[in-house]
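Report on the following structure.
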Amino acid sequence: MDVVEREILIAAPPGLVWPALAHADGLSAWFGADARVDLQPGGRGVFRWPDGAERPVVVEDVEPARRLAFRWLPFQRTAGGDVVALPSTRVLITLDEVPGGTRVRVVEQPAFSLGAGAPRAGGRASAMIAS
Amino acid sequence: MKPDRADAIFSALADPTRRQVIRALSQHGPSSATALAADLAVTRQAVAKHLSALAEAGLVTATRRGREKLFQISPRPLTDAVSWMAELGARWDERLAALRDHVAASTRRG
């Protein structure tokens, strides 16, 4: 339960996939939320969903055509305007050139997993509890 | 599950000793704070503090047997936390499919 990993193959080279990650309007086109994010390391911003919910992020790592990493901050403003706590998670999106295009891989995990006593990346719930 | 609840669960499990407490409870079944302290080689006071944090997150419950208070795992919140992560995964499935369609559309245009 401590890590979500997903991937997809896109029939285009990383250079053509990257613009969809490198700019706020590129992100907004597919993320399901309007991105207002300064996409550089340390950059801050907010994703706003169509229902009005908002969640702030901090960009942690940007390597053009290779990698985008950001951290969801541990709260969200709901559509109704309430601020609720949520686990802070880190999202790492990597692009790998493979035959046929680009493998896009997403890893999302609670931010504390990177701290002391944390499970190894890719660990499962049992590993987390056993660590 | 409510977001606040997920946060409480993940915060409670962020501590390595609390994860050890959960593991010990899953191995030995209902246990007293004294037994857990002996098992984990930490003070009873420290275990009591961790148990109270875990109880607050709904991860353990206490029952009284005679003069002893026994703690046991409450599996439901763990299942809830797993569902919450599953929900995150489902959201990424949707987003990645949308990303693929978006790139296909822009490549055609370009």
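The values are calculated or read from the model by the stated rules, or taken from the named source; none is laboratory data. Fair warning: this is a prediction, and the values are worked out from it, not measured in the lab. Note that we place each Cβ from the backbone using ideal geometry, even for glycine, and neighbour counts take in every protein chain shown. Just so you know, the surface numbers come from the protein's heavy atoms only, side chains and all, with ligands and any DNA or RNA stripped out. Shrake-Rupley method; radii C 1.70, N 1.55, O 1.52, S 1.80 Å.
A few points about this structure:
Residue-by-condition table, conditions (1) open to solvent by 30 Å² or more (accessible area, probe 1.4 Å); (2) under 24 Å from A:VAL84 (Cα atoms); (3) basic (Lys, Arg):
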site	(1), (2), (3)
B:ILE9	no, yes, no
B:ASP15	yes, yes, no
B:ALA48	yes, no, no
B:GLY58	no, yes, no
B:THR63	yes, no, no
B:ARG76	yes, yes, yes
B:SER83	yes, yes, no
B:ARG95	no, yes, yes
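- Here is the figure for segment A:13-26: residues that are in contact (Cβ under 8 Å) with a residue 12 or more places away in the chain and either more than 10 Å from chain B (Cβ to nearest Cβ) or closer than 24 Å to B:GLY89 by Cβ (or both) total 8.
- Test: residue in segment A:72-82 that is within 25 Å of A:ILE8 (Cβ to Cβ), in contact with an Asp or Glu (Cβ under 6 Å, 6 or more places away or on another chain) and not acidic (Asp, Glu): no
- Residue check, A:VAL57 touching a Phe, Trp or Tyr at 6+ places or on another chain (Cβ under 7 Å) and among the hydrophobic types (A, V, I, L, M, F, W, C): yes
- B:THR34 being surrounded by fewer than 15 Cβ atoms within 10 Å (Cβ to Cβ) and touching a helix residue (DSSP H, G or I) at 6+ places or on another chain (Cβ under 7 Å): yes
- Residue list for segment B:20-37, restricted to those being away from chain A (no Cβ under 14 Å) and in contact (Cβ under 8 Å) with a residue 24 or more places away in the chain: B:GLY29, B:PRO30, B:SER31, B:SER32, B:ALA33, B:LEU36
One line per residue, one yes/no per condition, for (1) surrounded by 18 or more Cβ atoms within 10 Å (Cβ to Cβ); (2) modelled with pLDDT of 95 or more:
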| position | (1), (2) |
| --- | --- |
| A:GLN40 | no, yes |
| A:ARG48 | no, yes |
| A:ASP51 | no, no |
| A:GLU60 | no, yes |
| A:GLU63 | no, yes |
| A:ALA69 | no, yes |
| A:THR89 | yes, no |
| A:PHE112 | yes, no |
| A:ALA130 | no, no |
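- Residues within segment B:97-109 that are open to solvent by 60 Å² or more (accessible area, probe 1.4 Å), out of contact with any Leu (no Cβ under 7 Å at 6 or more places or on another chain) and within 8 Å of chain A (Cβ to nearest Cβ), tallied: 2
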